[in-house]
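The values are calculated or read from the model by the stated rules, or taken from the named source; none is laboratory data. Quantities reported herein were computed from a predicted structural model and do not represent experimental measurements. Note that we place each Cβ from the backbone using ideal geometry, even for glycine, and neighbour counts take in every protein chain shown.
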């Protein structure tokens, strides 16, 4: 009997801990957007008393049951707190052509389940959907479910009305977690297979509303399901991009009938510009239908950025409030860059008796300085007092000892109003400096005190930044390539890498901001630094910060998350892990009825592998086998195999074992040291040193098959029955000293 003979139906129950319901009548004409709103800053997509969603930025619509925009990740995604349920009225929809579609991202919290439930009069709570897989890793994933794939008691009805007793109602879409956490979801739609929303482009890269986008960024998108080619519209005016067409391109149709789903502009974007873009999806022959896309926007990186955490000192005498630090702490500067008229928000000092007054700034490290913005002293009576600086000599230094004069400048007088903004700009022209000193030559009055409201230093980014993996990231795969955002005008990039932050070595020099290191090992902490090289600079090497990441202890051979219940597609768990139906032992992988994988007794993720054993008949042992395809289990300094198992006290004790067969047919077997391991009623970790698997010359760098079994495959004797659950089979090495 083959694995496909295990025809079964999926049934399981679920306890919900929170419910949000939305009933929406659908006039089905190709699409119904349930929600895909871009929320305004500080706005919530909240639940009203009548169970409808509204956009709100105030009470009473805020609370625990709400959707909130996620500014840090996806500009227009809904951020769901807790478990959410969504009710959709689909009465009259043709069952064979209707889809439910949405994008989902579990973020850092694994998704415990995603379900769709149909309902009608006397709705049966045991009725469930067909299965599909949702990735538990960060990153969005498109989920599309065709309604005709649902079954009830093994019957697949001809239409939705028949299936739901005439109501044609989907009762619930449910998203949930294994543990408390948040979920990102977007573009929930009901659609048919002939067009509608499925035909438009979605999920722009850069994300809609993104800021600080590199000037050379390439545009990307998720294509409509039926798109054959794509028209790209791009410009700096919303109206032009929104209204343009092939017949009236308005100067913004930058690519027509292109096949790929990315577009790189031949010219760099302008610094600080807001760009608008649109993708029209074009169907193939014979109709070549064009589906107009949404208009998205992003803001290009500025030419220069403000420096934070500047330290100010002075040789002048100030009171305990009006210290030099007041000029760089943002005190009195509002969101519109208007200065306060309150004296405690500013610096005020008497000069020393024996030398001119100065105020000095430590920027924290050497920067390529662009300019300094100056808000002069701005109290209400400043026009009479004249405390503001007038004649100033500006100097700069890389080390605080050797100074270079930038020049003499006259600072403009403040307006002594609450609408005053910076009115002096000192250009540094890109010089390299860590320290800046303002030597006071004169002020606007004769009282002998001098002051400033605020200064702001702007720098041109010369260092590498935004590392990937992020600084301090954990469980990084050993094959991960390093990437970063390069410094402005960097000609090349030196990559320094090692396990000692004080002794990094040059691992390579590359022309683009990505590097794939060789020889990374499991369970290790790595430190890395990028030195940006630009021979045109007065400073040719810009050594960046030292970043770190730690690699995963084990890489998965199988976490059992990818399997579903589709017998026709051969994507069930027993189509990959072959059991006694194929290898003739006493094993059975998976259940006789769907869901075939275990969904409750799980170590991580949403599934584990049930492995039933029956050693009462020949060959008196039971095992499941998995094709490793010649994998190198020695890579990354791996020294052990690891898996998690869960038994049952009702089992008959049989020895749990793991065997590896190499490409030459040699087999190494490791038996669990506890003969009662199969009786364990909680998850147990089993780490198997490679020394137990390499007896007889097994070559783990060319591993062909892994076997997990119960009994004694070398000296089989009649035994008993039971079931164990297996999860998270991997290879690697435990991290030490962390």
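Here are some notes:
- Verdict on residue 701 being free of Cβ contacts under 8 Å to residues at least 24 places away in the same chain and either outside any loop (DSSP other than H, G, I, E, B) or under 26 Å from residue 637 (Cβ atoms) (or both): no
- Residues (closer than 23 Å to residue 305 by Cα and surrounded by fewer than 17 Cβ atoms within 10 Å (Cβ to Cβ)) located in the range 259-282: 267, 268, 270, 271, 272, 273, 274
- In the range 332-350, the residues that are without any contact (Cβ under 8 Å) to a residue 40 or more places away in the chain and in a loop (DSSP other than H, G, I, E, B): 334, 335, 342
- Where residue 582 falls short, out of the listed (1) farther than 29 Å from residue 476 by Cα; (2) assigned to a strand (DSSP E or B): (2)
- Any hit, the range 535-554, residues being in a strand (DSSP E or B), under 28 Å from residue 709 (Cα atoms) and touching a strand residue (DSSP E or B) at 6+ places or on another chain (Cβ under 9 Å): yes
- Out of 617, 612, sole residue that is assigned to a loop (DSSP other than H, G, I, E, B) and touching a residue at least 12 places away in the same chain (Cβ under 8 Å): 617
- Yes/no for residue 433 being in the same structural domain as residue 364 (by TED's automatic domain parsing), in a loop (DSSP other than H, G, I, E, B), surrounded by 17 or more Cβ atoms within 10 Å (Cβ to Cβ) and at pLDDT 95 or above: no
- Evaluation of residue 469 against (1) buried (at least 16 other Cβ atoms within 10 Å of the Cβ); (2) in the same structural domain as residue 348 (by TED's automatic domain parsing); (3) touching a residue at least 24 places away in the same chain (Cβ under 8 Å) (one fails), failing number: (2)
- Subset of the range 655-687 (residues that are over 29 Å from residue 629 (Cβ atoms) and assigned to a loop (DSSP other than H, G, I, E, B)): 673, 674, 675, 676, 680, 681, 682
- Checked against (1) in a strand (DSSP E or B); (2) modelled with pLDDT under 95, residue 479 passes all but condition (1).
- Yes/no for residue 221 being in contact with a strand residue (DSSP E or B) (Cβ under 7 Å, 6 or more places away or on another chain), under 30 Å from residue 460 (Cβ atoms) and either at pLDDT 95 or above or surrounded by 17 or more Cβ atoms within 10 Å (Cβ to Cβ) (or both): no
- Number of residues in the range 351-390 that are assigned to a loop (DSSP other than H, G, I, E, B) and in contact with a helix residue (DSSP H, G or I) (Cβ under 6 Å, 6 or more places away or on another chain) equals 1.
- The single condition from (1) buried (at least 17 other Cβ atoms within 10 Å of the Cβ); (2) under 38 Å from the mean Cα position of the chain (by Cα); (3) at pLDDT 95 or above that residue 351 fails is (2).
- Given (1) at pLDDT 95 or above; (2) in contact with a strand residue (DSSP E or B) (Cβ under 8 Å, 6 or more places away or on another chain), number of the condition residue 676 does not satisfy: (2)
- Any hit, the range 658-677, residues being touching a residue at least 60 places away in the same chain (Cβ under 8 Å) and either out of contact with any helix residue (DSSP H, G or I) (no Cβ under 7 Å at 6 or more places or on another chain) or not assigned by TED's automatic domain parsing to the domain that holds residue 472 (or both): no
- Only one of 289, 299, 313, 393 that is touching a helix residue (DSSP H, G or I) at 6+ places or on another chain (Cβ under 7 Å) and surrounded by fewer than 18 Cβ atoms within 10 Å (Cβ to Cβ): 313
A quick yes/no check of all residues on (1) modelled with pLDDT of 95 or more; (2) part of a strand (DSSP E or B); (3) in the same structural domain as residue 225 (by TED's automatic domain parsing); (4) more than 25 Å from the chain's Cα centre (by Cα):
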position: 241; (1), (2), (3), (4): yes, no, yes, yes
position: 245; (1), (2), (3), (4): yes, no, yes, yes
position: 256; (1), (2), (3), (4): yes, yes, yes, yes
position: 271; (1), (2), (3), (4): yes, no, yes, yes
position: 275; (1), (2), (3), (4): yes, yes, yes, no
position: 281; (1), (2), (3), (4): no, yes, yes, yes
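- Restricting attention to the range 511-534 and to residues that are more than 16 Å from residue 554 (Cα to Cα) and in a loop (DSSP other than H, G, I, E, B), the residue that is modelled with the lowest pLDDT turns out to be 534.
- Filtering the range 579-599 to residues that are in contact with a strand residue (DSSP E or B) (Cβ under 9 Å, 6 or more places away or on another chain) and farther than 15 Å from residue 564 by Cβ leaves 579, 580, 581, 582, 583, 585, 586, 587, 588.
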